[in-house]
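Participant: One structure coming up, written as structure tokens, with questions to follow.
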Amino acid sequence: LGYPNVGDLSAYIFLLVMLVAVVSGVGGSLMARIIFKLLRWKSGFKLMFHHLFYVLACAFLIVSIAYFFHPGIMGSGKDLMTGTLFSEQKHLPAYSPFLRIAGPILSFATGAAGGVFAPSLSAGASVGSVISGLFHLPDTESNLLILAGMVAFLTGVTRSPFTSAILVLEMTDRHSVIFHLMLAAMISTLVSYFIDKRSMYERLKEEYVKELG
């Protein structure tokens with residue numbers, strides 16, 4: 001992604017990192033749970049028409065939201081991440097996280113090729129951006145909350161806190177805030193546990209094993 005500026009941080013920023021971690025952890029775990037529920041429901045379709053109608057309905061919803069409301073629902077969200085981290089537009093509208101969550105749900109749950117890693121990072125970035133805007137934080141602290149949101153949201157989906165933190169660290173080379181990001185990852189793990197005790201990937205693995213058996 002690049003090298004965002006995260007210097008000159010205030011002492012109270014840890015409290016906001018924790019807030020972002022809670023919100024992102026809940027969002028990530030809920031998104032993963034909804035995707036799994038939709039995939040499980042879709043697996044019960046008996047007729048090809050049902051599958052076709054479901055895919056068309058999801059595609060129609062995505063296109064309609066993008067055309068009539070905001071195109072932010074489309075794509076992996078890389079432009080959102082780079083835009084908030086490296087431009088003057090740090091603070092996104094409050095609806096941005098909902099768009100970034102709705103997109104992966106409607107696309108991944110159809111069984112289409114793709115993944116949830118990049119969309120999860122962009123959803124977390126939007127959470128951090130919105131919260132930093134609510135508190136009118138300066139650019140450096142906004143960048144930190146954006147990174148914390150990326151880590152926490154991905155942790156909520158994967159339940160892999162160390163992997164999520166290291167992934168974002170490697171993408172940004174901001175090792176000076178490793179403690180902030182690890183804190184976000186651990187809090188997200190704890191919060192996500194109350195939403196669902198297992199990750200989406202664990203549940204999908206069980207479903208695939210059942211199909212093979």
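Participant: Starting from the range 23-92, pick out the chymotrypsin sites (Phe, Trp or Tyr not before Pro) whose DSSP state is loop and whose Cβ has at most 16 other Cβ atoms within 10 Å.
Facilitator: Phe45, Phe69
Participant: Hey, fewest Cβ within 10 Å first, where do Val157, Val63, Val168, Val209 land in order?
Facilitator: Val209, Val63, Val168, Val157
Participant: Can you give the local net charge around Val26? Use residues other than it whose beta-carbon is closer than 12 angstrom to its beta-carbon, Lys and Arg +1, Asp and Glu -1.
Facilitator: 0
Participant: Then there is this: Which whole-Hz couplings ³J(HN,Hα) result when phi for each residue of the range 143-150 is put into the Karplus expression 6.51 cos²θ - 1.76 cosθ + 1.60, θ = phi - 60°, listed in order with x for Gly and Pro?
Facilitator: Whole-Hz 3J(HN,Hα) from phi for the range 143-150: 4, 5, 5, 5, 5, 4, x, 4.
Participant: Which of Ala112, Ala184, Ala102 ends up with the largest GNM mean-square fluctuation for the chain, with Cα atoms connected below 10 Å?
Facilitator: Looking only at Ala112, Ala184, Ala102, the biggest GNM fluctuation is shown by Ala112.
Participant: With θ set to phi - 60° and the Karplus curve 6.51 cos²θ - 1.76 cosθ + 1.60, what are the ³J(HN,Hα) couplings of the range 197-202 in order, to the nearest whole Hz, using x for Gly and Pro?
Facilitator: Taking θ as phi minus 60°, the curve returns 6, 10, 6, 4, 5, 5 Hz for the range 197-202.
Participant: Now for a separate question. Is the range 132-194 rounded, prolate or oblate when judged by the Cα gyration tensor, a ≥ b ≥ c being the square roots of its eigenvalues, rounded requiring a/c under 1.5 and prolate requiring a/b larger than b/c?
Facilitator: In terms of gyration-tensor shape, oblate.
Participant: So how do Ser122, Ser142 line up by other beta-carbon neighbours within 10 Å, fewest first?
Facilitator: Arranged by neighbour count, lowest to highest, Ser122, Ser142 become Ser142, Ser122.
Participant: Now for a separate question. Roughly how tilted is helix 96-108, in degrees to the nearest 10 and between 0 and 90, from the longest Cα axis of the chain?
Facilitator: In the chain, helix 96-108 runs at an angle near 30 degrees to the longest axis.
Participant: In addition: How far is helix 178-195 tilted off the main Cα axis of the chain, in degrees rounded to 10, range 0 to 90?
Facilitator: Helix 178-195 and the main axis of the chain meet at about 40 degrees.
Participant: Right, here's the next one. May I ask for the net charge around Leu38, where only other residues with Cβ less than 13 Å from the Cβ of Leu38 are counted and Lys, Arg are +1 while Asp, Glu are -1?
Facilitator: Residues close to Leu38 contribute a combined charge of +4.
Participant: Let me ask another. From the backbone phi of the range 76-93, what are the Karplus-calculated ³J(HN,Hα) couplings (6.51 cos²θ - 1.76 cosθ + 1.60, θ = phi - 60°) in whole Hz, Gly and Pro given as x?
Facilitator: 7, x, 4, 4, 5, 5, 5, x, 6, 7, 10, 10, 7, 8, 7, 10, 8, x
Participant: While we're here: Which aspartates and glutamates have a Cα less than 19 Å from the Cα of Lys90, not counting those fewer than 8 places away in the same chain?
Facilitator: The qualifying aspartates and glutamates are Asp8, Asp79, Asp139, Glu141.
Participant: Can you tell me how much longer the chain between Met74 and Leu47 gets when fully stretched, taken as 0.36 nm per residue apart minus their C-alpha distance, in nm with one decimal?
Facilitator: Extra length from Met74 to Leu47 when fully extended: 6.8 nm.
Participant: Let me ask you something else. Which residues among the range 56-77 fall inside the zone where the amide N is under 20 Å from a point 7 Å beyond the Cα of Tyr95, along Cα→Cβ?
Facilitator: Label zone hits: 58-77.
Participant: Hey, another quick one. Under a point-charge model restricted to the Cβ atoms of Lys and Arg (+1) and Asp and Glu (-1), what is the dipole moment magnitude of the range 122-213 relative to its Cα centre, in debye to the nearest 20?
Facilitator: So the magnitude is around 260 debye.
Participant: Please give the Cα centre distance for the range 82-122 versus the range 54-81, rounded to the nearest Å.
Facilitator: That distance is 10 Å.
Participant: About the Cα centre, and with charges only on the beta carbon of Lys, Arg (+1) and Asp, Glu (-1), how big is the dipole of the range 1-92? Nearest 20 debye, please.
Facilitator: 640 debye
Participant: I would also like to ask the following. At q = 0.19 Å⁻¹, what is the log10 ratio I(q)/I(0) for the chain, with the Debye formula run over Cα points and no solvent?
Facilitator: With one equal scatterer per Cα and no solvent, log10 I(q)/I(0) is -1.30.
Participant: Magnitude of the Cβ-charge dipole of the chain, K/R +1 and D/E -1, about the Cα centre, nearest 20 debye?
Facilitator: The dipole of the chain has a size of about 880 debye.
Participant: Between His136 and Tyr193, how many nm apart are label points set 7 Å from Cα along the C-beta direction?
Facilitator: 3.9 nm
Participant: Would you tally the net charge around Phe135, using a Cβ to Cβ cut-off of less than 14 Å, leaving Phe135 out, and scoring K and R as +1, D and E as -1?
Facilitator: -1
Participant: List the lysines whose Cα lies under 29 Å from the Cα of Lys205, skipping any in the same chain that are fewer than 8 positions away.
Facilitator: Lys37, Lys42, Lys46, Lys78, Lys197
Taken together, the values in this text are just the output of simple stated rules run on the coordinates, not laboratory data. Predicted model only: the values in this text are computed from it and were never measured. We place every Cβ from the backbone using ideal geometry, glycine too, and count neighbours over all the protein chains shown.
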